[in-house]
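First, the structure itself, so that you have it in front of you.
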Amino acid sequence: MKWLRRTHFVLSANLHGGAVVANYPYDNAPRHTKRRRNRGRKNTYSLSPDDDVFKHLALTYSYSHPTMHLGTTCSGKYVEFLDGISNGAHWYAVKGGMQDYNYVTSGCMELTLEVSCCKYPPEAELEQFWEANRPALMAFLQKADMGLKGAVLDSSTYEPVNGACVFVQGRLHFVQTTRHGEYWRLLLPGEYSLVVVAHGYPTQVFTDVVVNSTESARVLDLMLTTDSDFTYPGYRRYENACRKVTELQRTMFQRKRRKTRHGNKRRESN
C-alpha cells in the first residue's frame with residue numbers, strides 16, 4: 001500500500017498457478033449477487049469502467065503466449081476460457097483482491113496471470129515456463145505506453161498540479177497526477193473527452209481528444225484555469241468519485257500507520 005502511494009504505477013500483473021488464463025477486473029462480484037466458485041454455472045460478469053482496455057491487455061498477453069489463447073482446460077477436454085481470457089468475477093468472485101485494489105485506489109491497471117496448471121511446478125520445469133511467458137510479458141509491458149500521457153499544469157504559472165484526478169468522460173474511474181503533475185491514462189484508439197478535478201480549480205473538460213494507436217501514447221498537457229467560465233456543468237459526480245477514493249486512500253494509510261505504531265510499541269515493551 002505504501003509502495004502504491006509513493007509510486008504511480010501504470011500497469012502491473014500478479015502471477016498464479018492452477019490454470020492458464022489472463023484474468024482481468026473486476027474480481028469482486030457486483031452488488032446483490034452471490035459470490036461462489038462453481039464452474040458448472042455461469043457467474044455474473046463484473047464490468048469495470050475500462051472493460052475495453054482490460055480485454056485488450058488480456059488478449060495481448062494470451063495471444064503472445066504459445067497456448068494460453070487456446071483457452072482449453074488443464075485437462076484439455078474442452079474450451080473453458082474464450083481466447084484465453086476471463087473477467088474475474090465471471091470465473092469466480094474474489095472480494096478484496098489485489099488487481100481490484102490497485103485499479104480502484106491507485107489507477108494502476110492490473111491483470112492476474114494464471115500461467116501453470118500445476119500450482120507448484122518442479123524446479124526443472126521453471127525454465128520452460130519462463131520461455132513460454134517471456135514474449136507475453138514483454139508484449140504486455142509495452143502496453144504501459146499507450147493511450148495518453150502528459151502533465152496537468154496551471155495555465156498562468158505553468159506549475160504542475162499535484163493530486164489532480166483525470167477522468168475520461170463517461171467513466172467514473174480516474175488516474176491521479178504526481179507531484180510533478182504527470183499523468184498516464186491507458187486508452188484504446190478513439191475520440192474522448194477528459195474531465196479534470198483538482199483542488200483550487202473549477203472542474204474542467206477537454207474535448208476532442210483523439211488517440212490513434214495502441215503502440216505509443218499521445219503526449220497531451222492539460223492546462224487548468226481558475227476562470228469559473230470554464231466549469232464543466234456535469235462535474236458533481238466526478239468530484240464525488242475523486243473525493244471518495246482520495247478519502248479511502250487516506251483512511252487506509254492512516255490505519256496502516258496506527259497498526260505499525262502499535263506493533264512497534266509491543267516490540268519495545270517486550
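The values are calculated or read from the model by the stated rules, or taken from the named source; none is laboratory data. All values reported here derive from a predicted model rather than from experimental measurement. Note that each Cβ is placed from the backbone with ideal geometry, even for glycine, and that neighbours are counted across all protein chains shown. Accessible surface is based on the protein model in full, side chains and every heavy atom, while ligands, DNA and RNA are left aside. Shrake-Rupley method; radii C 1.70, N 1.55, O 1.52, S 1.80 Å.
Take the stretch 188-201 and flag every residue that is open to solvent by 30 Å² or more (accessible area, probe 1.4 Å) and touching a Phe, Trp or Tyr at 6+ places or on another chain (Cβ under 7 Å).
none
Restricting attention to the stretch 65-113, report how many residues are crowded, with 18+ Cβ neighbours inside 10 Å and part of a loop (DSSP other than H, G, I, E, B).
Looking only at that region, the number is 8.
Check off (1) open to solvent by 30 Å² or more (accessible area, probe 1.4 Å); (2) closer than 21 Å to Arg6 by Cβ; (3) assigned to a strand (DSSP E or B) for Ala144 and give me the number that stays unchecked.
For Ala144, the failing item is (3).
Still on this structure, I have one more. Residue pairs, Cβ under 9 Å, 6 or more apart or interchain, first in the stretch 133-162 and under 28 Å from Val20 (Cβ atoms) and of a type outside the set (Gly, Ala, Ser), second open to solvent by 40 Å² or more (accessible area, probe 1.4 Å) and in a helix (DSSP H, G or I). List them.
Lys143/His56; Met146/His56
Take the conditions open to solvent by 40 Å² or more (accessible area, probe 1.4 Å), over 24 Å from Leu11 (Cα atoms), at pLDDT 95 or above and not β-branched (Val, Ile, Thr) and apply them to Asp208. Does it pass?
yes
I've got another one for you. Give the residues of the stretch 168-190 that are within 13 Å of Leu148 (Cα to Cα) and charged (D, E, K, R), sorted by residue number.
Matches in the stretch 168-190: Glu182, Arg185.
In the stretch 27-62, what residues are of a type in the set (A, V, I, L, M), modelled with pLDDT of 90 or more and open to solvent by 10 Å² or more (accessible area, probe 1.4 Å)?
Answer for the stretch 27-62, where residues must be of a type in the set (A, V, I, L, M), modelled with pLDDT of 90 or more and open to solvent by 10 Å² or more (accessible area, probe 1.4 Å): Leu47, Leu59.
When the stretch 155-170 is examined, which residues are found to be in a loop (DSSP other than H, G, I, E, B) and not aliphatic (A, V, I, L, M)?
Applying the first criterion (in a loop (DSSP other than H, G, I, E, B)) to the stretch 155-170 yields 155-159, 161-164, 169-170.
Within the stretch 155-170, Ser155, Ser156, Thr157, Tyr158, Glu159, Asn162, Gly163, Gln169, Gly170 qualify.
Looking at the structure I just gave you, is Ala139 out of contact with any Cys (no Cβ under 6 Å at 6 or more places or on another chain), aliphatic (A, V, I, L, M), surrounded by fewer than 20 Cβ atoms within 10 Å (Cβ to Cβ) and assigned to a helix (DSSP H, G or I)?
Yes, satisfied.
Within the stretch 69-86, restricting attention to residues that are over 11 Å from Ala58 (Cβ atoms) and polar (S, T, N, Q), which residue is modelled with the lowest pLDDT?
Residue satisfying both the conditions and the ranking: Ser75.
Does any residue in the stretch 198-212 that is at positive phi come within less than 9 Å, Cβ to Cβ, of a residue that is part of a loop (DSSP other than H, G, I, E, B) and open to solvent by less than 50 Å² (accessible area, probe 1.4 Å) six or more places away or on a different chain, and which pairs are these?
Close Cβ pairs satisfying both conditions: Gly200/Val161.
Using the structure shown, decide if Arg179 is more than 25 Å from Leu57 (Cβ to Cβ), free of Cβ contacts under 8 Å to residues at least 24 places away in the same chain, of a type in the set (D, E, K, R) and open to solvent by 10 Å² or more (accessible area, probe 1.4 Å).
For Arg179, the condition - more than 25 Å from Leu57 (Cβ to Cβ), free of Cβ contacts under 8 Å to residues at least 24 places away in the same chain, of a type in the set (D, E, K, R) and open to solvent by 10 Å² or more (accessible area, probe 1.4 Å) - is met.
Next up: What residue, of Arg185, Arg171, is buried (at least 20 other Cβ atoms within 10 Å of the Cβ), under 20 Å from the mean Cα position of the chain (by Cα) and of a type in the set (Lys, Arg)?
So the residue among Arg185, Arg171 that is buried (at least 20 other Cβ atoms within 10 Å of the Cβ), under 20 Å from the mean Cα position of the chain (by Cα) and of a type in the set (Lys, Arg) is Arg185.
Between Ala93, Ala89, which is modelled with pLDDT under 95, more than 25 Å from Thr214 (Cβ to Cβ) and touching a Lys or Arg at 6+ places or on another chain (Cβ under 7 Å)?
Ala93
Then there's this: Confirm whether Arg218 is open to solvent by 40 Å² or more (accessible area, probe 1.4 Å) and at pLDDT below 95. Please lay out each step first, then the result.
Working: open to solvent by 40 Å² or more (accessible area, probe 1.4 Å): yes; at pLDDT below 95: no.
So Arg218 fails the test.
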